[in-house]
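Engineer: This is the structure I have questions about; it appears just below.
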Amino acid sequence: MEKVTVPIKESALPRWTWWAPFLIITMAKVISLRYFMSDHVAWIYLPYLVSLPLYFWWGARVYPQHIVAEMMTANLYGIGDGMVIIFYGLANATKVFMGYLLYRQMCATQALRSKKGMWNFFFWVLLIQNLIGNFLFLSSYVQTGAYGSELFWRLYMINTFKDILEAAILIYPLLILATPHLRLLGLARNDFLIEEEIKTVR
């Protein structure tokens, strides 16, 4: 069972976790464009699905790498303006980082596997994160002139719905199943509970 322990410090994680998120997110971006993109929509947006658990496992060190990875691959999605690329990278990374920070702040002492923990995860990490984050990063697409603002709300609804659904199906069970094993290997921080803490009365 998951116990309340001293969180694994940032310095205790392997050094390669300082650069691995950049490679992982960049490769995920290329794969999404190659295999899952149609009609202006990435039907499976792998950078979101792989970066979300990385924030929970490795913390804030993922954020700057996420920004750079999104910026360096923005041209693959038809974004060429320098200022828009910066906004695009910040919006995509901040969306996911915000969900992680909200969960740590609001729900870290609530076991993720519990019913309350599950609903907190869905509300703060999936719903709030995507409602705000998708609005920001889709705005950067409109600014490119690649398509008109009349497509904004259609894409906003599609992206928000699919991101919430895909993360609920894939990320929530992944965090529950994989996090305890990664912690035993020293590859995941201990910022939140997975199982309820068992208290014995004497």
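The values are calculated or read from the model by the stated rules, or taken from the named source; none is laboratory data. Just so we're clear, the structure is a prediction, and the values are computed from it rather than from any experiment. All Cβ positions, glycine included, derive from the backbone under ideal geometry; neighbour counts span all protein chains shown. Calculation scope for accessible area: heavy atoms of the full protein, side chains included, ligands and nucleic acids excluded. Shrake-Rupley method; radii C 1.70, N 1.55, O 1.52, S 1.80 Å.
Engineer: How many residues are open to solvent by 60 Å² or more (accessible area, probe 1.4 Å), at pLDDT 95 or above and of a type in the set (Phe, Trp, Tyr) when one looks only at the range 23-80?
Structural biologist: Count: 0.
Engineer: Restricting attention to the range 89-113, and to residues there that are in a loop (DSSP other than H, G, I, E, B) and of a type outside the set (A, V, I, L, M, F, W, C), which single residue is surrounded by the fewest Cβ atoms within 10 Å (Cβ to Cβ)?
Structural biologist: Going through the range 89-113, the residues in a loop (DSSP other than H, G, I, E, B) turn out to be 108-113.
Okay, now just the ones that are also of a type outside the set (A, V, I, L, M, F, W, C), so 109-110, 113.
Working: Thr109: 10, Gln110: 19, Arg113: 17.
So the residue we want is Thr109.
Engineer: Condition first: hydroxyl-bearing (Ser, Thr, Tyr) and over 30 Å from Glu195 (Cα atoms). Can you find one or more residues in the range 74-81 that meet it? Before the answer, list the steps.
Structural biologist: First, pick out the residues of the range 74-81 that are hydroxyl-bearing (Ser, Thr, Tyr): 77.
Subset that is over 30 Å from Glu195 (Cα atoms): 77.
For the range 74-81, residues hydroxyl-bearing (Ser, Thr, Tyr) and over 30 Å from Glu195 (Cα atoms): present.
Engineer: Still on this structure: Taking the stated definitions as given, is Leu151 in a helix (DSSP H, G or I), open to solvent by less than 80 Å² (accessible area, probe 1.4 Å), among the hydrophobic types (A, V, I, L, M, F, W, C) and in contact (Cβ under 8 Å) with a residue 24 or more places away in the chain?
Structural biologist: On the way: in a helix (DSSP H, G or I): yes; open to solvent by less than 80 Å² (accessible area, probe 1.4 Å): yes; among the hydrophobic types (A, V, I, L, M, F, W, C): yes; in contact (Cβ under 8 Å) with a residue 24 or more places away in the chain: yes.
Spelling it out, Leu151 is indeed in a helix (DSSP H, G or I), open to solvent by less than 80 Å² (accessible area, probe 1.4 Å), among the hydrophobic types (A, V, I, L, M, F, W, C) and in contact (Cβ under 8 Å) with a residue 24 or more places away in the chain.
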